[in-house]
C-alpha cells in the first residue's frame with residue numbers, strides 16, 4: 001500500500017523542475033500568433049573599428065586591424081608609415097543590426113559590435129562610422145557611437161584574472177541611422193496573406209472563420225496550415241491599414257498539440273494539456289555500485305630480508321533499491337497523469353527515462369521532443 005505522506009514529500013522534492021502547461025488554452029489576438037506577409041525585419045552586417053580602448057584592443061600582429069586603420073587614416077588625409085606599430089587602443093569588430101519593416105530614412109536602430117581579433121575588452125570604446133549592408137550588398141544604415149558593455153575583465157600582475165559576462169561584445173542603443181528603406185506596399189492589393197507563427201491546420205481554419213465572421217466584406221480562406229488569405233474589398237484597397245488593424249485585434253483560440261518537451265541537460269519537463277497516457281504498469285529502480293580502495297602496509301618478519309610493501313585492497317559494494325510496480329495512465333486531465341507519475345517517487349531525471357520508455361511502448365498519445 002502506498003504511503004500518501006511519503007508520496008507528498010517525494011512530489012515536493014522531485015517535481016521542482018516539472019512545469020505544467022495551463023489546463024485551458026485561452027484566446028489570443030491574431031497579431032500575437034500571426035503576421036502579414038511582408039511585415040518582416042532584415043539583417044544587416046558591417047565591418048568597422050572600435051577606438052579609444054585602454055590597452056585592451058587587438059595586438060600589433062593582427063594584420064586586418066592594422067590594414068583597416070591605415071586605410072581609415074589615409075581616407076582622412078593622414079599618411080601613416082606602415083612600419084609604425086599600432087597602439088593597443090583599436091579593435092576590429094563585426095557590426096550587426098536588424099532593420100525592422102516600415103522604418104523610414106533617418107530612423108535610428110540598435111547595433112551590436114563583436115570583436116573579431118584578439119582584443120580583451122571593448123569597454124570604453126567608440127565605434128567609428130561603419131556602413132551596414134544587406135544580403136544584396138546595398139548600404140541600408142550607418143553606425144557610429146560609444147559602446148555599452150554588459151561585462152568586465154580584470155587581470156593582476158601575477159596572471160590571475162576575473163571576468164564577468166562577455167566584454168568583447170558591445171551594444172549601441174539607437175547607434176545606426178537608416179539611409180535606405182526596404183519598400184513594403186499593402187495599398188492596392190486585392191488580397192492579404194496572414195502567416196501563422198506556428199503552422200497548424202485547425203488554428204488556420206479557426207482564424208479564417210473568425211475573420212469571415214467578424215468582417216464579412218473581407219472573407220478569409222485557409223490556404224494551408226500556415227497561411228490565411230484575406231480578400232480585400234475594392235473600396236478598401238487603398239486603405240488596407242484600417243482592415244489590417246481590425247484583423248489584428250480579433251480573438252482566436254489556437255489549437256494545442258499534444259507534446260512533451262524534455263530538456264535532459266536541466267532535467268526540465270513540460271507537458272501540454274492534451275497529453276494522454278494509456279493505462280500501463282511502471283517499475284523504476286536504481287542500481288548503485290560503490291568501489292573503494294583501502295591500501296594497507298605489509299611489514300616483513302623480523303631479521304628477514306624482506307621490505308615493507310603497500311598492498312592494495314579493493315572493496316566493492318552493490319546496492320539496488322527496491323522498486324514497486326505502479327499503475328499510471330488513463331488520466332483524463334494532465335493533473336491526473338502527473339499524479340500517476342509522481343506516485344512512482346522518481347526524480348525529474350528519472351521521469352525523463354520513464355517518459356521515454358512509456359513513449360516507446362506506445363502508451364503515450366503525444367509527441368516527445370528532446371531539446
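Ranking 238, 190 by Cβ neighbours within 10 Å, fewest first, what do you get?
Listing 238, 190 from fewest to most nearby Cβ atoms yields 190, 238.
What is the distance in Å between the Cα centroid of segment 202-244 and that of segment 107-123?
43 Å
Quickly rank 179-185, 245-251, 256-262 as a protection proxy: mean count of other C-beta atoms within 10 Å, highest first.
256-262, 245-251, 179-185
For the residues 367, 359, what sequence is obtained by ranking on other C-beta atoms within 10 Å, fewest first?
By the 10 Å Cβ count, ascending, the order reads 367, 359.
Values quoted throughout were computed directly from the atomic coordinates according to the rules given, and no laboratory measurement underlies them. Remember, it's a predicted structure, so these values are computed and weren't measured experimentally. As a convention, Cβ positions derive from the backbone with ideal geometry for all residues, glycine included, and neighbour counts pool all protein chains shown.
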